[in-house]
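Have a look at the structure below, then the notes.
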DNA sequence: TCCTACGATGGACTTCGTCCAAGTCAAGAA
DNA sequence: TTCTTGACTTGGACGAAGTCCATCGTAGGA
């Protein structure tokens, strides 16, 4: 995710202060923010930024493959800036904390041919659930 | 899922016509309906049934472990009546079709101890994504 | 049959997200 | 540097999904 701004510029992105701020918010700590949280943090630096712009920018970052949408427990989508490093998620059933994890093994290979129903399987998302030390 | 009504009665569920109809809708074909679709189908048999009741009943069935919530691509939650048979999902990125699948292997075991961060990992959800024959 | 606590109702409300017309501005052209 | 233009932003309306709550109805035990 570092040098995100450079990569975006290289792809012909028109750089605006709004887009810069959204990208910088995501480039910070690697947490999994909701769109609303991104808006909140962006607004600390650029108070006039609108919700629509945050949604637009997040959508573009997802389309470019720079950010992943992860659907966790809550209602709101969360955005994962760690898209360049393949990983899965470990979610606490108590407090909702999300951690990036890297299981071994080959999950796609674990799906037998006769269970694929002719699909061209391209990716797999794995969510581990359990209780974190604090909630146990 | 068969004899769902019997099991619910055994658990002390107060049986009402609304709950019966919701359970019967889910007990039908094993598709993955949204709450709204459940309401629609329930209303065919019991036109006065309210949305709130459908949401309440689905929530109770999920709490009882008789039905699973699956979070797919779209915005609405989907309800999977096949909770008694452990399985994972294969989703078409084109049309959104969802199929139940049974991968081999031990996905929980694939998560190394040092990647668990002290969590007591209890379950794992796997979503395979790809294009179905129709969309390819 | 009667009672009563549990469940159903429907409408207001909240949350999350999208759409759109109008205004603004980044960046290339001159 | 200034001009131009089309891409970007804005904010408010809108829509979908889900929750809440006061009130009414009824399943099932006494």
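Here are a few things to note about the model shown:
- Taking the numbered list (1) touching a residue at least 12 places away in the same chain (Cβ under 8 Å); (2) within 10 Å of another protein chain (Cβ to nearest Cβ) in turn, residue B:51 passes all entries but (2).
- Odd one out for residue A:71, checked against (1) under 25 Å from residue B:94 (Cβ atoms); (2) within 14 Å of DNA strand D (Cβ to nearest atom); (3) surrounded by fewer than 16 Cβ atoms within 10 Å (Cβ to Cβ): (3)
- Listed by first and then second residue, the pairs linking a residue in region B:12-41 that is more than 19 Å from residue B:68 (Cα to Cα) to a residue that is within 14 Å of DNA strand D (Cβ to nearest atom), with Cβ atoms under 7 Å apart and 6 or more places separating them unless they lie on different chains, are B:15/B:9; B:17/B:46; B:18/B:46; B:18/B:49; B:18/B:53; B:18/B:57.
- Considering residues of region A:26-42 that are away from DNA strand C (no atom under 11 Å from the Cβ) and modelled with pLDDT under 95 only, the residue nearest to residue A:6 (Cα to Cα): A:27
- Hits in region A:78-111 - residues which are closer than 18 Å to residue B:129 by Cα, surrounded by fewer than 19 Cβ atoms within 10 Å (Cβ to Cβ) and within 11 Å of chain B (Cβ to nearest Cβ): A:87, A:105, A:106, A:108, A:109
- Single residue of B:9, B:45 found to be out of contact with any helix residue (DSSP H, G or I) (no Cβ under 6 Å at 6 or more places or on another chain) and within 14 Å of DNA strand C (Cβ to nearest atom): B:9
- Number of the exception - residue B:15 against (1) more than 27 Å from residue B:90 (Cα to Cα); (2) surrounded by 12 or more Cβ atoms within 10 Å (Cβ to Cβ): (2)
- If you check B:65, B:118, B:122 for being within 7 Å of chain A (Cβ to nearest Cβ), farther than 20 Å from residue A:124 by Cα and either modelled with pLDDT of 90 or more or surrounded by 15 or more Cβ atoms within 10 Å (Cβ to Cβ) (or both), only one passes: B:118.
The values are calculated or read from the model by the stated rules, or taken from the named source; none is laboratory data. Remember, predicted model here, so these are calculated numbers, not experimental data. In this analysis, Cβ positions are derived from the backbone assuming ideal geometry, glycine residues included, and neighbour counts consider all displayed protein chains.
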